[in-house]
Amino acid sequence: MRRWLLPESIEDILPPEARRVEMLRRALLDEFGLHGYELVMPPLLEYIESLLTGSGRDMDLRTFKLVDQLSGRTMGIRADITPQVARIDAHLLNRKGVARLCYCGDVLHTLPSGLTATREPLQIGAELYGHAGIEADVEVIRLLARALEIAGVKASRLDLGHVGVFRALAVRGGLESELAQELFAVMQTKDMPDLRELVRDVAEPVRSALLALPDCYGGPEVLERVLALLPGDAEIAQAVSDLGKLAVELEELPLSFDLADLRGYHYHSGVVFAAYCGAHPGAIALGGRYDKVGKAFGRGRSATGFSMDLRELSQLDAVADLPRAIMAPPGNENDLRATIAALRAKGEVVIEALPGHDGTWTEAGCDRQLVLRAGKWTIQSIQGEA
């Protein structure tokens, strides 16, 4: 048995990548803080009843479960931090006004979300509670755009949708929950043959509306098409109104619309959005409104936010290699110690040589060294190997 092997889709993060990820984590959390988002750190494990409350069946399937040897109760390893933050807002902070919270931590999935995805994403996100107006959605979408900018990732498009449209069609058509779930699945893949089969017995005009929904993507003209699905339906009209306001407020962003994007249908309650970039096959960030999750914890609160995989995000940044280290010779001379301290104060990495070093300095991450010339310590490039 090779003891160094890890489970499938689970990987170590090695020094160069770990450094990039950590620098990005600090930069994003600092930016969130500048916008008033306070950092919270929920636990990795919770009782399963709390962890899955309000999150829907899809989250249940993604969550690893185990038995707590102290209480005998079933626990889960979080697959998403957002419900935990909703619990903190509803049950622990208990603020009357708007609360802005952010977080960063590991989550674990039973299965990877894609062919190249990890089962242990490093999730970072921001959530805004206590404001039902479209202004909150505008704020978090702009914060997402700013986060991508800091990460050096240019969003090729930001898709906006609204689960209220599909929900209105499901209610109007009297769809059973099992059929709605199947429709939800085929909508994601835009599988028209299966969609036609599933809606075969659905009464008009809902049947035609459901068949038209996968084609409701593109620019602002899509909103007029959506209004024609069920003329006079108040929920659809409100959804289109919300999306129209977002289009006006966020005109500086590369917006598009996709009304068949129902990821988190059982979880979200209104506007949803996804960010894409040209170098990545799927969405790099997901978000939306989830007003009903807090209610399960005893206090319903308007809520909207976004999250993304920090490790995945860091791999998309086409930045130059990070600065390498400076090798310093061993010694306790005052001027050498002072030189090393001054370099570290400027942010330079200085590695002090140890007796018996049998590797190479480049292997240790050094591309420069401190040398004594004419009684003064100076920095020079490492030629060859030390």
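Every number here is computed from the coordinates shown, using simple stated rules; none is lab data. From a predicted model like this one, the values you see are computed outputs, not experimental measurements. Methodologically, a virtual Cβ is constructed for each residue, glycine included, from the backbone with ideal geometry; neighbour enumeration extends over all protein chains shown.
Projecting the Cα atoms of Ala285, Gly305, Gly97 onto the charge dipole of the chain (Cβ charges, centred on the Cα centre) puts Gly97 farthest toward the positive pole.
Projecting the Cα atoms of Gly76, Ile326, Ser113 onto the charge dipole of the chain (Cβ charges, centred on the Cα centre) puts Ile326 farthest toward the positive pole.
Of the chymotrypsin sites (Phe, Trp or Tyr not before Pro) found in segment 1-66, those that fall in a DSSP loop while having at most 11 other beta-carbon atoms within 10 Å are Trp4.
Along each principal axis, taking the top coordinate minus the bottom one, the Cα set of segment 28-82 gives 42, 26, 15 Å in descending order.
Return the ratio Rg/(2.2 N^0.38 Å) for the chain, where Rg is computed over Cα atoms only. Provide the component values of the computation, followed by the final result.
On the way: Rg = 25.7 Å, N = 386, 2.2 N^0.38 = 21.2 Å.
Rg over 2.2 N^0.38 Å, computed on Cα atoms: 1.21.
Summarising the label geometry, the points placed 7 Å from Cα in the beta-carbon direction at Arg95 and Asp194 lie 4.2 nm from one another. Counting neighbouring beta carbons within 10 Å and listing from fewest to most, the residues Lys292, Lys96 come out as Lys96, Lys292. When Lys and Arg each count +1 and Asp and Glu each count -1, what net charge do the other residues less than 12 Å away from Asn94, Cβ to Cβ, add up to? Net charge in that neighbourhood comes out at +4.
Only one residue of Leu316, Phe32, Phe184 has its Cα farthest out toward the positive end of the dipole of the chain, where Lys and Arg carry +1 and Asp and Glu -1 on Cβ, and that residue is Phe32.
In terms of distances greater than 26 angstrom between alpha carbons, the cross-link table entries Lys245/Lys292; Lys65/Lys154; Lys65/Lys190; Lys154/Lys295 yield Lys65/Lys154; Lys65/Lys190; Lys154/Lys295.
Bridgeable lysines around Lys376 (alpha carbons under 27 Å apart, same-chain partners fewer than 8 residues away excluded): Lys346.
Loop sites here are GluC sites (Glu not before Pro) outside DSSP states H, G, I, E and B with no more than 10 other Cβ atoms within 10 Å. The longest part of the chain free of them is 9-175.
Sorting Cys277, Cys366 from the fewest to the most surrounding beta carbons within 10 angstrom yields Cys277, Cys366. The amide H of His162, built 1.01 Å from its N in the peptide plane, has Val272 as neighbours under 5 Å, considering only residues 5 or more places off or on other chains. Segment 137-178 and segment 1-70 have Cα centres separated by 22 Å.
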